[in-house]
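No lab work stands behind these numbers, since they all come straight from the coordinates. This is a predicted model, so every value here is computed, not measured. Neighbour counts run over all protein chains shown; Cβ positions are idealised from the backbone, glycine included.
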Amino acid sequence: MGRKVSIRIVGLVLAVVGAVAVVGNGGGSSPPDFGQPFAGLTASELQRFSDGQDEFKQVETMEEGLGPVFNDMSCANCHSSPAVGGGSTRLETRFGARLSNGTFDPLSQFGGSLIQEQGIGVAGACEYLAETVPPQATIVAGRRTTPLFGLGLVDGIPDALLRYIAYQQKSDPDNIAGKVSIVTNVETGLPDVGKFGWKAQNATLHVFAADAYVNEMGVTSPMFPSENCPQGDCASLSCNPDPGVNDDGSGVQAFTDFMRFLAPPPRGPISGSVLAGEYEFNKLGCASCHVSTMRTGPSSTAALNQVTFHPYSDFLLHDMGRLGDGITQNQATGRLMRTAPLWGVRKIETLLHDGRAKTLTEAILAHDGQARTARDRFARLSSFDRARVIAFLNSL
């Protein structure tokens, strides 16, 4: 009933791990807390983490390339809970339209698909204001700010492992076969496996950082040298007070270093109820998509080199039915969403992509599409068994 595949996947990972390091197993010492760097970094790596954290918290100004439209002036303003590098309840807005032939139109001529909710104001003959959803939009979706903890490990997952998991899921009796997100890596111009973002729309942590810099703060860089046209009006960029490439790439690299060396969420206390809840979680079939164990490939950073870790995600796209956000990005159509990692979920205040769920139970019962069968099993559980599943999730 949907459990054999996840067991085989975990078995494969553990078989190839051998004697490599396991995140959080520090020889009896406590793992790093939320917002702290990995244990065991070199002095140079710690300095890069610290410098990156400073850049991450820095408030950008117009003189440094902020805008002309943007969502906030600092990464840390959104990524703040429960520590710098975390998430928040803040939502960004995406919009578009479904055409008569069924395809998605991001309405880029009106500034889509991402709203920049602030503007720098008067600049020359122009006034840059907050963007609004145009009346032509038929789809509007919220996207919750996600935590960044442990993303250096995610960046190190070999593409072959994700492809293998997708292949194994094809034989799952619950019909939960995920899809590897194939995107164009803007650094290489070549197809690559996407791992980052609600739609797995970014291939690498470096690209993810540059994408956020331009789309959230309006700061261009060599990877993304073009400004967003405010509300789709590209002619208004003639008044842009800082045209051209705003960041030479050093800021993007600093953001990347901060995220790369940011430790994963520490596990909470593990009780008998937690262990029983994990058993129920696996029996329900939830672990078929929320895969507990992954392993990184080789890395020059010892803390990231062939390490097993536990994100509780397969980082694949799944058809979520009515829970999809309606937005198409790359090959991820409106019903497809990347499996949300569950590590650190006990510290997330609102759940699902649009923050609609306030409790873990609400979030589970809102699942649809390929997750419907596991959801229905959870709905049939006794209140006692449900509580054990929730106890397990609250330990992550």
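What residue among VAL214, VAL186, VAL252 has the largest mean-square fluctuation in a Gaussian network model of the chain, using Cα springs under 10 Å?
The residue that fluctuates most here is VAL186.
Rounded to the nearest 500 deg cm²/dmol, what is the calculated helix-only ellipticity per residue at 222 nm for the chain, with -39500 (n - 2.57) per DSSP H run of length n ≥ 4?
-8500 deg cm²/dmol
Could you calculate the contour length gain from LEU99 to TYR164, that is, 0.36 nm times the residue separation minus the distance between their Cα atoms, to one decimal place in nm?
Once the chain is fully extended between LEU99 and TYR164, it gains 19.9 nm.
Of the residues PRO264, PRO341, PRO191, which exhibits the maximal mean-square fluctuation in a Gaussian network model of the chain defined by a 10 Å Cα contact cut-off?
PRO191
If the stretch 4-393 were replaced by its equivalent ellipsoid, with semi-axes equal to the square roots of 5 times the Cα gyration tensor eigenvalues, what would those be, largest first, whole Å?
One finds semi-axes of 35, 26, 19 Å for the stretch 4-393.
Between LEU107 and residues 5 or more places away or on another chain, which pairs have amide H atoms under 5 Å apart, with H built 1.01 Å from N, and which residues are they?
Those lying under 5 Å, H to H, from LEU107 are ALA97.
Could you go through the stretch 110-124 in sequence order and give the Karplus-derived ³J(HN,Hα) for each residue, using 6.51 cos²θ - 1.76 cosθ + 1.60 with θ = phi - 60°, rounded to whole Hz, and x for Gly and Pro?
Residue by residue, the stretch 110-124 yields 10, x, x, 8, 9, 7, 9, 8, 9, x, 7, x, 6, 9, x Hz.
Counting only Cα, what are the radius of gyration and maximum Cα-Cα distance Dmax of the stretch 48-89, in Å?
That works out to 11.1, 31 Å for Rg and Dmax.
Calculate how steeply helix 159-169 sits against the longest principal axis of the alpha-carbon atoms of the chain, using the helix alpha-carbon long axis, and give the answer as 0 to 90 degrees to the nearest 10.
Helix 159-169 and the main axis of the chain meet at about 60 degrees.
Please enumerate, by chain and number, the lysines with C-alpha under 30 Å from the C-alpha of LYS283, excluding those fewer than 8 residues away in the same chain.
LYS4, LYS170, LYS179, LYS195, LYS199, LYS347, LYS358
Within the stretch 154-230, report the trypsin sites (Lys or Arg not before Pro) that DSSP leaves as loop and that have at most 12 other Cβ atoms within 10 Å.
LYS170
Can you check how the C-alpha radius of gyration of the stretch 311-396 compares to 2.2 N^0.38 Å, as a plain ratio?
Taking the Cα Rg and dividing by 2.2 N^0.38 Å, one obtains 1.10.
Just to confirm the number: angle between the C-alpha axis of helix 272-284 and the first principal axis of the chain, 0 to 90 degrees, nearest 10?
Around 80 degrees separate the two axes.
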